Amino acid sequence: MNLEKTHPDDAVNIAPDIHTVIFEDDKLRVLKVTVQPGAKAKMHWHPRNINYITGSSKLQFTKPDGSTAKVTFRGGEVTSSPEGSHAVENVGNTVVCTIQVEMKS
């Protein structure tokens with residue numbers, strides 16, 4: 001199953017300058033996510049995923065209902081997220097780089 005073809009708001013389709021597929025098989029997809037300071041990605045969707053944060057950073061997430069949250073990440077941190085949509089902006093002064101492992105159903 002290719003996620004880019006199965007969900008119209010897939011992150012790679014909406015923001016290919018930020019999300020790069022580095023591996024994909026029938027069980028998972030691995031993305032390198034790179035967000036420059038001040039860069040934004042409009043509303044996009046991800047399946048359930050795990051992220052390895054490679055460096056400290058600060059992002060602002062906006063949900064479809066308009067609510068926002070600023071989140072500070074530390075290098076070496078691992079996070080998980082449920083399936084869903086968000087827009088994102090790098091509100092810090094460092095490049096955000098994560099390795100994101102997306103689960104396929």
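Read-outs: derived from the displayed coordinates by stated rules, not from any lab. The structure displayed is predicted, hence computed values, not measured ones. In this analysis, Cβ positions are derived from the backbone assuming ideal geometry, glycine residues included, and neighbour counts consider all displayed protein chains.
Summed over qualifying helices (DSSP H, 4 residues or more, each -39500 (n - 2.57)) and divided by its residue number, the chain shows a 222 nm mean residue ellipticity of -1000 deg cm²/dmol. Annotation: the antiparallel percentage among DSSP beta bridges lying fully within the chain is about 95. For Thr68, the shell of other residues with beta-carbons less than 15 Å away shows a net charge of +3, using +1 for Lys and Arg and -1 for Asp and Glu. Estimate the FRET efficiency between Val71 and Ile99 by the formula 1/(1 + (r/R0)^6), using the beta-carbon distance for r and 22 Å for R0, to the nearest 0.05. According to the calculation, E is roughly 0.80. Dipole magnitude for segment 3-103: about 360 debye, using +1 per Lys or Arg Cβ and -1 per Asp or Glu Cβ, origin at the Cα centre.
With +1 on each Lys and Arg Cβ and -1 on each Asp and Glu Cβ, and nothing else charged, work out how big the dipole of segment 1-50 is about its Cα centre, in Debye to the nearest 20. Don't skip to the answer; put the middle values down first.
Numbers: 7 positive and 7 negative charges, 37 e Å.
That gives a dipole near 180 debye.
Neighbours of Ser105 by Cβ distance under 10 Å: Lys/Arg scored +1, Asp/Glu scored -1, total +2. Projecting the Cα atoms of Leu28, Gly92, Ser81 onto the dipole axis of the chain, where Lys and Arg carry +1 and Asp and Glu carry -1 at the beta carbon, places Gly92 farthest toward the positive end.
For the cross-link pairs Lys32/Lys58; Lys32/Lys63; Lys27/Lys58; Lys63/Lys104; Lys27/Lys63, which exceed 19 Å when the distance is taken from alpha carbon to alpha carbon? Result: Lys32/Lys63; Lys27/Lys58; Lys63/Lys104; Lys27/Lys63 exceed 19 Å.
Give the longest segment of the chain that steers clear of trypsin sites (Lys or Arg not before Pro) in DSSP loops with at most 16 neighbouring Cβ atoms within 10 Å, not counting the sites themselves.
75-103
In terms of the Cα gyration tensor, with a ≥ b ≥ c the square roots of its eigenvalues, is segment 49-89 rounded because a/c is under 1.5, prolate because a/b exceeds b/c, or oblate? Oblate, since a/c reaches 1.5 and b/c is not below a/b.
Counted by Cβ distance under 15 Å from Leu59, the other residues give a net charge of +4, where Lys and Arg count +1 and Asp and Glu count -1.
Largest GNM mean-square fluctuation across Ala69, Ala39, Ala11, computed for the chain with C-alpha springs under 10 Å, falls on Ala69.
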